[in-house]
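The values are calculated or read from the model by the stated rules, or taken from the named source; none is laboratory data. Values in this document were obtained by computation on a predicted structure and should not be read as measured data. No Cβ is skipped: glycine too gets one built from the backbone with ideal geometry, and neighbour counts run over all protein chains shown. Note: areas computed on protein heavy atoms with side chains; ligands, DNA, RNA excluded. Shrake-Rupley method; radii C 1.70, N 1.55, O 1.52, S 1.80 Å.
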Amino acid sequence: MSENETVVEIKNLSKEFKGKFAVKDLSFDVKKGEILGLLGANGAGKTTTIHMLLNLITPTSGSIRIFGKDFAQSRIEILSRMNFGSAYQFLPYNLKVIENLRVFAEIYSVDDAKERIAELLDLFELSHLKNNSTGMLSSGEQTRLNLCKALLNKPDLLLLDEPTASLDPDQADKVRKIILDLQRRSGMSVINTSHNMIDVHELCDRILFMQTGTVIAQGTATEIMDTYQSQSLEEVFIMIARQNSNSPNTISNN
Amino acid sequence: MNFRVVKALVLKYLYVCSRNTFRALDVFFWPVMDLLIWGFMSIYMMRVTTSVPKMVPMLISAIILWNVLYRAQQVVCVAFLDDVWSRNMLNIWAAPIRPIEYVGAGYVVGFMQAFIVVVVMGILAGFFYSYNILELGLHLAILFANLIIMGWSLGLTVTGLFLRFGPPAEALAWAVPFIFQPISAVFYPVDILPPWMQTLAQITPASHVFEGMRELISTGHMNTFHIYAAVGLNLLYMSIAATLFKSFYEEARKRGFLAKYAA
Ligand SMILES: Nc1ncnc2c1ncn2[C@@H]1O[C@H](COP(=O)(O)OP(=O)(O)OP(=O)(O)O)[C@@H](O)[C@H]1O
Ligand SMILES: [Mg+2]
């Protein structure tokens, strides 16, 4: 794979639920080794986009190509080289930590499973909990376990939906460093949604700002702040969210 | 088809079972209770009337074989619900798992559980009622296989309904076998049913299995018609179930239910 190879290619992607667009006419690319941030208010369509990239949701229109292939022909091949992690997904609570990882290592056909699991548990500081029941972990520990699962198969493309939502600042910082390290060493590409502006600043090479299913701004964090003549992404976020809603106090859905 | 994936999903189910006492009840407690009640009931009936010879082996074989269908269907559904209950759906459907591998794993654990149930109930039938289910000979395997396949088809269809209709459909996991029980003629011959129910029974694979079983026990022979009918209907229903499942699965992806189930 060459450095500027396109890993994800989305063209005019739309998803309509009951006559309402969750994602509308979305187009973007992700290059090898790039970390793309999806930002936007609650209900902007970030998770729907991630789910379409996982083939969990069928688009209403538009096309998705990942590693140059599409899901209709190569679903298994594409998904084998990807993975997914979120603070809101859990691994089966009645299995031990190590059992969950064994099961997913097998699902992803990881060959050196034992070593890989030990390495990841160590990386996410969970080794001492490996024989504990998953349901008994704290939410931050569960999130880190989920990230272990997400990295089991050394994915070329990692999709993260609010990966640091339940992590304390120390752990969130460590997780960001792990992801950055993997990106630099292995050229992994990442698409990351987050409401945490530190995540976005530190991780993302490029940001797509979404509002009601469409991209309304994109660029590096600095470029976006410049465009909106603002000192912080947080300020931009609030500005965009309020200028596009009818009243500043509109209760957002989801 | 990647057998490593099937193996992984079976392993997951076995881990769940080994942690959950209620799962052990499914294999040991309920089938044993069924056996005790129907066994003693048939002994009592033999005391009241002898007009149905071989009542005891018939009812005991019936309750054992009924559990085969019931378990096979149930396990396929519960294996899916496990992923729902543990909020593991996204991890599963975002992984490189073909639907056929997922369903195949449910079938394997359904088979395993049904097999264990037959062994446990068979041993207890020998102990309590001096009845040896192996007297059915090779036919036992044929009857068993047909009930497993019918259970799988029902399980697959119901799992499809979960995908399409979500949690409101979950009660079906427990209700569906009992909807089919009256027309499966488990404990009585088809000809005692009213005509319209006899028609339904004719197109139910299980009724042919149980008719065949009774014939075998009372005469020592089984008309091959019963086997052909059960196998033919099973093949038909399995392909219908697979088609339904596929269309419900596609529909769930369109509506975003796969991603949002139980969310
Ligand atoms: N399966 C579905 N059926 C109907 N509407 C849906 C479905 N899934 C999502 N939506 C709607 O689509 C819109 C986008 O939702 P999505 O989950 O993508 O937002 P999000 O950007 O991830 O928000 P958040 O920051 O709150 O996670 C929302 O208005 C949501 O209500
Ligand atoms: Mg979201």
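Below are the figures for this structure:
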| item | result |
| --- | --- |
| Sequence-separation-based contact order of region A:91-154, relative, with Cα cut under 8 Å and 6+ spacing, percent | 50 |
| Relative contact order of region B:112-263, pairs being alpha-carbon contacts under 8 Å that are 6 or more residues apart, as % | 30 |
| Net charge dipole size for region B:137-263 [Lys, Arg +1 and Asp, Glu -1 on Cβ; Debye, nearest 20] | 580 |
| Residue-count net charge about B:Ser153 - beta-carbon cut-off 15 Å; Lys, Arg +1, Asp, Glu -1 | +2 |
| Environment charge of B:Met89, counting only residues whose C-beta is closer than 15 Å and scoring Lys/Arg +1, Asp/Glu -1 | +3 |
| Residues of type aspartates and glutamates that A:Lys24 reaches as a straight line, Cα spacing below 13 Å, ignoring anything fewer than 8 places off in the same chain | A:Glu16 |
| Long-range amide H partners of A:Phe84 with built H, under 5 Å | A:Leu159 |
| Under the Karplus curve 6.51 cos²θ - 1.76 cosθ + 1.60, θ = phi - 60°, whole-Hz ³J(HN,Hα) for region B:189-199, x wherever Gly or Pro sits | x, 4, 6, 8, 6, x, x, 5, 6, 4, 4 |
| Residue-averaged 222 nm ellipticity for chain A, from DSSP H runs of 4+ at -39500 (n - 2.57), nearest 500 | -11500 deg cm²/dmol |
| Viscosity 1.002 mPa s, temperature 20 °C, Stokes-Einstein D of the protein assembly as shown from Kirkwood C-alpha radius, µm²/s | 84 |
| In the B-A interface, the accessible area buried, summed over both sides, Å² (probe 1.4 Å) | 3200 |
| Chain A, relative contact order [Cα under 8 Å, separation at least 6], % | 26 |
| Amide H contacts of A:Val7 (H built 1.01 Å from N, under 5 Å, at least 5 apart or other chain) | A:Val30, A:Lys31, A:Lys32 |
| Cα gyration tensor, chain A - rounded (a/c under 1.5), prolate or oblate | prolate |
| Residue-by-residue Karplus 3J(HN,Hα) for region B:210-226, coefficients 6.51, -1.76, 1.60, Hz, glycine and proline x | 6, 4, x, 4, 5, 4, 4, 5, 7, 10, x, 10, 9, 4, 5, 3, 4 |
| Protection-proxy order for peptides A:47-54, A:12-19, each taking the mean of Cβ atoms within 10 Å per residue, highest first | A:47-54, A:12-19 |
| Percent antiparallel among DSSP beta bridges (both partners in the protein assembly as shown, rounded to 5) | 50 |
| Under-5 Å amide H pairs with A:Ser194, H placed in peptide plane, nonlocal only | A:Leu38, A:Glu162 |
| Between helix A:233-243 and chain A: long-axis angle, C-alpha atoms, 0 to 90°, nearest 10 | 50 |
| Shielding by partners - mean other protein chain Cβ count within 10 Å, residues of B:80-86 | 2 |
| Degrees between helix B:99-129 axis and first principal axis of chain B (Cα, 0 to 90, nearest 10) | 30 |
| Whole-number accessible area per residue in Å² for the protein assembly as shown, which is evaluated in the context of all protein chains at 1.4 Å | 44 |
| Most mobile of A:Asp168, A:Asp70, A:Asp156 in a GNM of chain A (Cα contacts under 10 Å) | A:Asp168 |
| Cα centroid separation - region B:77-143 against region A:137-171, whole Å | 34 |
| FRET efficiency estimate (nearest 0.05) - Cβ-Cβ, A:Gln229 to B:Ala169, R0 56 angstrom | 0.60 |
| Long-range lysine pairs (8 or more apart or interchain), region B:3-262, Cα under 23 Å | 4 |
| Separation in nanometres of the label points that stand 7 Å from Cα toward Cβ, at B:Met41 and A:Lys18 | 4.5 |
| Two-decimal ratio, region A:91-154, of alpha-carbon radius of gyration to 2.2 N^0.38 Å | 0.96 |
| Given A:Lys46/A:Lys154; A:Lys31/A:Lys177; A:Lys11/A:Lys69; A:Lys46/A:Lys130, the pairs whose alpha carbons are separated by over 22 Å | A:Lys46/A:Lys154; A:Lys46/A:Lys130 |
